[in-house]
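Q: Sharing a structure below in structure tokens format, with a few things to ask.
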Amino acid sequence: MDLNLKNKIVVVSGSAGKEGSIGETIINRLADEGAIPVLVDRNARGFEYAERLQKRGVNSLFVQTDVTDPVAIENAVKVIGAKYGRIDAIINNVGVNDGAGLDSSYEEFMNSLKLNVVSYFLLAKYSLPYLKESKGNILNIGSKVALTGQGGTSGYAAAKGGVLGLTREWAVDLIQYGIRSNAIIIAESYTPAYEDWIKTLPDGEAVLKKISKTIPLESRMTKTEEIADTALFIISEKSSHTTGQFVFVDGGYVHLDRALISDVN
């Protein structure tokens, strides 16, 4: 399907994670569709990713940015505007389940909010003039933790709850400009970060198998490619009358009857 994304300027935060991460997968899928992914991340890995895309003939750009710094985000958007003159969509993809729980300090809790939700606000805020011109749209990457809880991660849970609130609020705020705002909610996806966590466990393979069995559809983790493909559809014209929505790419993890799970031991 041609999603009509050719030459669209799509800014993706958190896009310089390890190969196979959600952000890295999204930027490559965008390039496959002829879009121009703009990478915003603090990790210098982004320079390599942008260079790879450029070698493919994609006019990509990496802006190394500390997304917890308001001035850095504002400057990043200025750099993007100076190069392209427009922004057609932003994908807020930053997310670190940092374990800032009730036993954490005030500073640790606030730092979690700055990374996982305040950065979303700032990128949307500074990109807004360009989105108004393009009648572009915003896609926020959320987490099931906002709805189900997890334990031991108050900062991340609060932030991801805030992401869903902002998604709906922006849909209302920006409807007058023809700007859409939606969110994807992810449950269990086998990203490099997830794999790193599994490796820290004494019996990680057994834990992974147990978790996979709790996912109703096919008893498997969601692939990052499935998340990326849904993201591209939502920001495309093929989803032109969809706004204020939470799209669950989770194999039925959050909503389906637990009776579908025959054995979780």
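Q: Do the conditions hold for Pro192, that is, is it in contact (Cβ under 8 Å) with a residue 24 or more places away in the chain, touching a Phe, Trp or Tyr at 6+ places or on another chain (Cβ under 8 Å) and more than 17 Å from Asn92 (Cβ to Cβ)?
A: Values: in contact (Cβ under 8 Å) with a residue 24 or more places away in the chain: yes; touching a Phe, Trp or Tyr at 6+ places or on another chain (Cβ under 8 Å): no; more than 17 Å from Asn92 (Cβ to Cβ): yes.
Criteria not met by Pro192.
Q: Are there any pairs, at least 6 apart or on different chains, whose C-beta atoms fall under 6 Å, with the first in segment 3-23 and touching a residue at least 24 places away in the same chain (Cβ under 8 Å) and the second basic (Lys, Arg), and if so, which?
A: Final answer for the pair search is Leu3/Lys238; Ile9/Arg86; Ala16/Arg45.
Q: Moving on to the next point. Identify all residues within segment 53-74 that are over 15 Å from Tyr120 (Cα atoms), under 21 Å from the mean Cα position of the chain (by Cα) and open to solvent by 30 Å² or more (accessible area, probe 1.4 Å); write none if there are none. Even if it seems obvious, please write down each step before you answer.
A: So the first thing to find is which residues in segment 53-74 are over 15 Å from Tyr120 (Cα atoms), and the list is 53-64.
Still in the list and also under 21 Å from the mean Cα position of the chain (by Cα): 53, 60-64.
Scanning segment 53-74 gives Leu61, Gln64.
Q: A follow-up question, please. Does Ser181 satisfy the condition of being open to solvent by less than 30 Å² (accessible area, probe 1.4 Å), under 21 Å from Thr242 (Cα atoms), part of a helix (DSSP H, G or I) and not β-branched (Val, Ile, Thr)? Break it down into steps so the answer makes sense when it comes.
A: Details: open to solvent by less than 30 Å² (accessible area, probe 1.4 Å): yes; under 21 Å from Thr242 (Cα atoms): yes; part of a helix (DSSP H, G or I): no; not β-branched (Val, Ile, Thr): yes.
Here the answer is no, as Ser181 does not meet what is asked.
Q: Another one. Tell me the helices (runs of 4 or more DSSP H) entirely within segment 190-265 that contain at least 2 residues that are under 21 Å from Ser15 (Cβ atoms) and open to solvent by less than 20 Å² (accessible area, probe 1.4 Å).
A: 224-235
The values are calculated or read from the model by the stated rules, or taken from the named source; none is laboratory data. For clarity, every value in this text was computed on a predicted model and none was experimentally measured. Note that we place each Cβ from the backbone using ideal geometry, even for glycine, and neighbour counts take in every protein chain shown. The area values use the complete protein model at the heavy-atom level, side chains included, leaving out ligands, DNA and RNA. Shrake-Rupley method; radii C 1.70, N 1.55, O 1.52, S 1.80 Å.
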